[in-house]
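Notes follow once the structure below has been shown.
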Amino acid sequence: MDTGYHAWMLVSASFVLMMTTPALALFYGGMSRSKSVLNMMMMSFSSVGIVGIVYVLWGYSMSYSTNEAGESTSVLGLFANPFEWFGLEGYDPSGYIGVGFQLTFAVITAALISGAVADRLKFSAWVLFLPLWVTFSYFPLAHMVWGGGLLSGEEESLAAWMFGVTDGMASVAPVDYAGGTVVHINAGVAGLILALMLGKRLGFGKEPIKPHNLPLTMIGAGLLWLGWYGFNVGSIVFPADGTEESNALFIAETGLVWLNTTVAAAAAVVGWMVVEKIRHGKATSLGAASGVVAGLVAITPACGALSPIGAIILGLVSGALCALAVGLKYKFGYDDALDVVGVHLVGGLVGTVGIGFLATSGGLFYGDGAKLLVVQVVIALFAMLWSAVFTFLVALLVKAVIGLRVDEEAEIEGVDFSEHGETAYDFGTAVGRGRSLVGNTTTDKVKEGASA
Amino acid sequence: MKLVTAVIKPHKWEDVREALETFGVAGMTVSEVSGYGRQKGHTEVYRGAEYDIALVPKIRIEIVVEDSDAGDIVDIIVKTAQTGRIGDGKVWVMPVDSVVRVRTGDKDEAAL
């Protein structure tokens, strides 16, 4: 057993958890309006709370469980038996670190969706949506891609069905290193479906709905970048044989993934800023922060398959395309409030499909033909279809039970107050902090309370 | 007596304050305000979406002075606050009927 590896995996799991709280909460919180920043952050916190529990109860089992003979409990390659290791009963505790790491992926994927629904989704609807959505969309896709299911490189997968089998594995195996399909395409499609079902925010496209605190957003983006090393570099599987050769290979791959993650994000910042400079004359802070995320999203599935040059190209393309894509919501009229579609769906597609072009082994640009490209397109399309259908069904159910959208008055007042009874900022009044100009009613009440 | 009111660009405020102090203006009221003139605010871009921001931040200065000083004060403000670019602001002068110092009850010129 390699203690260094397991120590790193504990750090990685904690890094990925940090991506949700506080990184994503800050990233999204800063972009929302001052009257809905707390609700935005609460959607991230509640994802940790709810998905974290669900994952241990049946999430891990539904993604990866095997029976006592060590065979996958897969149902048609779509999902594994949720009750095989329910609550991790019967699961070997020496694998708990891996469970924890995977748990954090489910948590952040669900939280990513919240950016599309800012300002108007009922908090109770979100709380009900979370466990249902991870159960019907996230866990099955995680099983299909990483758990040996339909979108993996196993003998019974779509890739094997298309291009045949070599030595018991698909001849052209799909690549999704750390979650292009399972995490980003999945969250992006879910965001789009929810945005369409919820409808536009009041005043969308008519009045300015500006970010209320861009420094928070930039801190969040920076923390996301840091956490992403846990996400990508933590996804490398340690070779079990422990030979010197495989150890060296492991170290080389670790360095490659770290470098690729870094340069892709760096290039995407540049790509986004260049597009902004050309289109609007100025490179903005929100653009730079968004570029970081766009690059990280794109490199997520591809970080182990590309050379550093390939990663730079992928980052540039992703930064530029996502910068152009965030404008689509105004063109098509769907209100994806904080651009989950423009950044995560588009970035996830750029990464997943880009592998078909840029992979040093199997990529079109490296003279290996178009088979990998076809496989990547097929898994991306399948993931989009799956996510769209099950997000729609889950959201329909939630709508029928408690409704999706807050009423108009609550939306105007702000979901912080209507959903949580709180407001984020209190700057006092012009004359005296918290005092009424006509009579000191507030102060008097406090005094009465104190003497009673 | 006259009330001189000036609306100027915020970054010119320190220059104007110094010039008025040198001239001998004893006191003034200053506030941060927002508004627009012929230039109609400015445009901000967030992730490709352009927002027209109608109101731009300005500084408003109010000074009550003796009739004889009003013209000089207006000249000083215009000279120091001028950049030559759009949005430099406005200065206007209005008559004041009476002034009372709250602390002593002094009236008119004695209260300035």
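The values are calculated or read from the model by the stated rules, or taken from the named source; none is laboratory data. Note that the structure is predicted; figures quoted are calculated from it, not measured. Cβ coordinates were reconstructed from backbone atoms using ideal geometry, including for glycine residues, and neighbour counts include every protein chain displayed. Surface areas here come from the heavy atoms of the whole protein model, side chains and all, with no ligands, DNA or RNA. Shrake-Rupley method; radii C 1.70, N 1.55, O 1.52, S 1.80 Å.
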- Is it true that B:G41 is touching a strand residue (DSSP E or B) at 6+ places or on another chain (Cβ under 7 Å) and within 14 Å of chain A (Cβ to nearest Cβ)? yes
- Message: Which pairs turn up if I take residues in region B:54-83 that are within 18 Å of B:V33 (Cβ to Cβ) and look for partners that are among the charged types (D, E, K, R) and part of a helix (DSSP H, G or I) with beta carbon separation below 6 Å, at least 6 apart in sequence or on another chain?
- Response: B:A81/B:K12
- Message: Going through A:L385, A:L349, A:L364 one at a time, which residue ends up being free of Cβ contacts under 8 Å to residues at least 24 places away in the same chain and under 19 Å from the mean Cα position of the chain (by Cα)?
- Response: A:L385
- Specify which of the listed residues (A:G348, A:G342, A:G295) is within 11 Å of chain B (Cβ to nearest Cβ) and open to solvent by less than 10 Å² (accessible area, probe 1.4 Å). A:G342
- Can you name every residue in region A:264-275 that is within 13 Å of chain B (Cβ to nearest Cβ) and crowded, with 24+ Cβ neighbours inside 10 Å? A:W272
- Verdict on A:E89 being among the acidic types (D, E), out of contact with any strand residue (DSSP E or B) (no Cβ under 8 Å at 6 or more places or on another chain) and surrounded by fewer than 24 Cβ atoms within 10 Å (Cβ to Cβ): yes
- Note on the structure: Matching residues in region B:44-78 (open to solvent by 40 Å² or more (accessible area, probe 1.4 Å), within 14 Å of chain A (Cβ to nearest Cβ) and in contact with a strand residue (DSSP E or B) (Cβ under 7 Å, 6 or more places away or on another chain)) number 4
- Item | Close pairs from region B:26-51: first within 28 Å of A:G30 (Cα to Cα), partner open to solvent by 70 Å² or more (accessible area, probe 1.4 Å) and β-branched (V, I, T), Cβ under 9 Å, at least 6 apart | B:E50/B:T43; B:Y51/B:T43
- Item | Residue count for region A:298-331, restricted to those that are over 18 Å from the mean Cα position of the chain (by Cα), farther than 26 Å from B:E50 by Cα and either hydrophobic (A, V, I, L, M, F, W, C) or within 10 Å of another protein chain (Cβ to nearest Cβ) (or both) | 7
- Item | One residue from A:L397, A:L372 being among the aliphatic types (A, V, I, L, M), assigned to a helix (DSSP H, G or I) and surrounded by 19 or more Cβ atoms within 10 Å (Cβ to Cβ) | A:L372
- Those residues of region A:298-319 which are touching a residue at least 40 places away in the same chain (Cβ under 8 Å), open to solvent by 30 Å² or more (accessible area, probe 1.4 Å) and of a type in the set (A, V, I, L, M, F, W, C), in sequence order: A:I312, A:I313, A:L316, A:V317
- Mind telling me which of the residues A:F357, A:F392 ends up being under 15 Å from A:I113 (Cα atoms) and open to solvent by 40 Å² or more (accessible area, probe 1.4 Å)? A:F392
- Kindly provide the set of residues from region A:2-44 that are without any contact (Cβ under 8 Å) to a residue 60 or more places away in the chain and surrounded by fewer than 19 Cβ atoms within 10 Å (Cβ to Cβ), ordered by number. A:T3, A:G4, A:A7
